[in-house]
Amino acid sequence: MYKAFLFLILLSIFSCKQPKKEPITSSILAQSTDIDYAQGFTIEKLSSGVTIIKVSSPWPESKASFNYALVPKEKLSSITLNRDEYNAVIGVPVQKIVVTSTTHIPALEALGETGRLIGFPDTEYISSPKTRKRINEGLVQELGNNESLNSEMVIALNPEIVVGFSIDNQNKAYETIQRSNIPVVYNGDWTEETPLGKAEWIKFFAPFFQKEKMADSIFRSIEENYNSAKALAKKATNRPKVFSGALYKDIWYLPGGKSWASKFIEDANAEYLWNNTSSTGSLSLSLESVIERAQDADFWISPSQFGSYLELKEANRHYARFSAFQNNKVYTYAYSKGETGGLLYYELAPNRPDLVLKDLLHIFHPELLPNYIPTFFKPLN
């Protein structure tokens, strides 16, 4: 009897010393984060403090979706999750991160988390002076390229997460990394079709650093600036005609009518000559068809990587037939580069659509922004 009583006392004491684990299910919802423009992800905050991120558009036409549970590190030992419900369970705030697209860099910088970045594929494409300084100091390791990410180097760095992007679900490097218990979190910012939709992915990064309020404030400022520029554009008394792109191996590639690039031109109160097409990506056209529609257009935006009118003419004499060429109304983002040649437009423009819109507004309607200094688009030499 005494032994049985002593056993019960000891069991009671032992039980009291164990942390009580709180089972968590998706039904214990506290609130959802407002996502107003982006279509590819949602964020839910549970009453336990756990954040659930669902990425529904990791790549175009994806039938797969990914769920990630972000748990405050101080609660990792006291919360029970059904791991089968999630593609990864991640302790936050994250201290070491690898990202794989230059579009991820501005989000880290805006949130003040550049110091968390420890690796990146193709570091020469990064334009940001702040991150380039860290690369030069050896604080950000070169990891090959995204198509053949050096998984051994990633595993050796042992980041807490890898933020990846992919064109499909076939990425052997990501599979190898995940087998080493390093979560790969898919970011689908590039699949968004609207300027503010892409920019809103800063809210995707914020929960990994517990900076949701900061991200919301940053995005609201970008949104306000963008909509103010859009409203200003409506005051213009004319609506110029605009075309884009250039030839590559006898095919002229230019943005579709429902694309991100087309939306900028529309919001700058100009007429994109292919705005009636339904493509959200690019169109592949013949030189003849482009000349037929755009020969008399007022502006030519983004003529591929050409750096001067002379280069254009030497590449193909038919370029000189366009009125925009003859009137020196060709504008390019090719001059805004980082120290190793990375194009700032590909890195920063998705995160700062307000700056892109102001650039185009200044080009199409200079009377509305007479003293504006462009960030990306500048006159062709």
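Kindly provide the set of residues from segment 127-149 that are without any contact (Cβ under 8 Å) to a residue 60 or more places away in the chain, over 17 Å from Lys96 (Cα atoms) and open to solvent by less than 60 Å² (accessible area, probe 1.4 Å), ordered by number.
Of segment 127-149, the ones without any contact (Cβ under 8 Å) to a residue 60 or more places away in the chain are 130-131, 133-149.
Next, only the ones that are over 17 Å from Lys96 (Cα atoms) stay: 130, 133, 136, 144-149.
Correct list: Gly144, Asn145, Asn146, Leu149.
Being open to solvent by 30 Å² or more (accessible area, probe 1.4 Å) and of a type outside the set (A, V, I, L, M) narrows it down to one residue among Ser228, Ser259; which is it?
On the way: Ser259 fails: open to solvent by 30 Å² or more (accessible area, probe 1.4 Å).
One residue alone meets the criteria, Ser228.
All but one of (1) over 19 Å from Met214 (Cα atoms); (2) open to solvent by 10 Å² or more (accessible area, probe 1.4 Å) hold for Pro93; state the number of the condition that does not hold.
Only one criterion is unmet by Pro93, namely (1).
In the set Leu111, Leu143, which member is in contact with a Leu (Cβ under 7 Å, 6 or more places away or on another chain) and either modelled with pLDDT of 95 or more or farther than 25 Å from Leu343 by Cβ (or both)?
Going through Leu111, Leu143 in turn, the sole match is Leu143.
Does at least one position in segment 363-371 carry a residue that is surrounded by fewer than 22 Cβ atoms within 10 Å (Cβ to Cβ) and touching a strand residue (DSSP E or B) at 6+ places or on another chain (Cβ under 8 Å)?
Scanning segment 363-371 turns up no residue that is surrounded by fewer than 22 Cβ atoms within 10 Å (Cβ to Cβ) and touching a strand residue (DSSP E or B) at 6+ places or on another chain (Cβ under 8 Å).
Which condition from (1) within 20 Å of Asn351 (Cα to Cα); (2) buried (at least 18 other Cβ atoms within 10 Å of the Cβ) is the one that Ile118 breaks?
All conditions pass for Ile118, except number (1).
Only one of these is outside any loop (DSSP other than H, G, I, E, B), within 22 Å of Ser180 (Cβ to Cβ) and open to solvent by 40 Å² or more (accessible area, probe 1.4 Å): Glu109, Glu124, Glu152. Name it.
Glu152
For segment 155-187, what are the residues that are touching a Gly at 6+ places or on another chain (Cβ under 6 Å) and open to solvent by 50 Å² or more (accessible area, probe 1.4 Å)?
none
Which residues, counting only those in segment 47-78, are surrounded by fewer than 20 Cβ atoms within 10 Å (Cβ to Cβ) and more than 22 Å from the chain's Cα centre (by Cα)?
Result: Ser47, Ser48, Gly49, Pro72, Lys73, Glu74, Lys75, Leu76, Ser77, Ser78.
Find the residue count for segment 267-279, including only residues that are surrounded by fewer than 18 Cβ atoms within 10 Å (Cβ to Cβ) and farther than 20 Å from Val330 by Cβ.
4
If you take the residues of segment 31-46 that are modelled with pLDDT under 90 and open to solvent by 60 Å² or more (accessible area, probe 1.4 Å), which of them is nearest to Ile202 (Cα to Cα)?
Ranking the candidates gives Ser32 first.
Leu283 - would you say it is more than 25 Å from Thr375 (Cβ to Cβ), under 33 Å from the mean Cα position of the chain (by Cα) and surrounded by 15 or more Cβ atoms within 10 Å (Cβ to Cβ)?
In short, yes.
When only residues in segment 303-318 that are without any contact (Cβ under 8 Å) to a residue 60 or more places away in the chain and open to solvent by less than 90 Å² (accessible area, probe 1.4 Å) count, which is nearest to Phe243 (Cα to Cα)?
Filtering segment 303-318 for residues that are without any contact (Cβ under 8 Å) to a residue 60 or more places away in the chain and open to solvent by less than 90 Å² (accessible area, probe 1.4 Å), the one nearest to Phe243 (Cα to Cα) comes out as Ser304.
The values are calculated or read from the model by the stated rules, or taken from the named source; none is laboratory data. For clarity, every value in this text was computed on a predicted model and none was experimentally measured. Cβ coordinates were reconstructed from backbone atoms using ideal geometry, including for glycine residues, and neighbour counts include every protein chain displayed. Note: areas computed on protein heavy atoms with side chains; ligands, DNA, RNA excluded. Shrake-Rupley method; radii C 1.70, N 1.55, O 1.52, S 1.80 Å.
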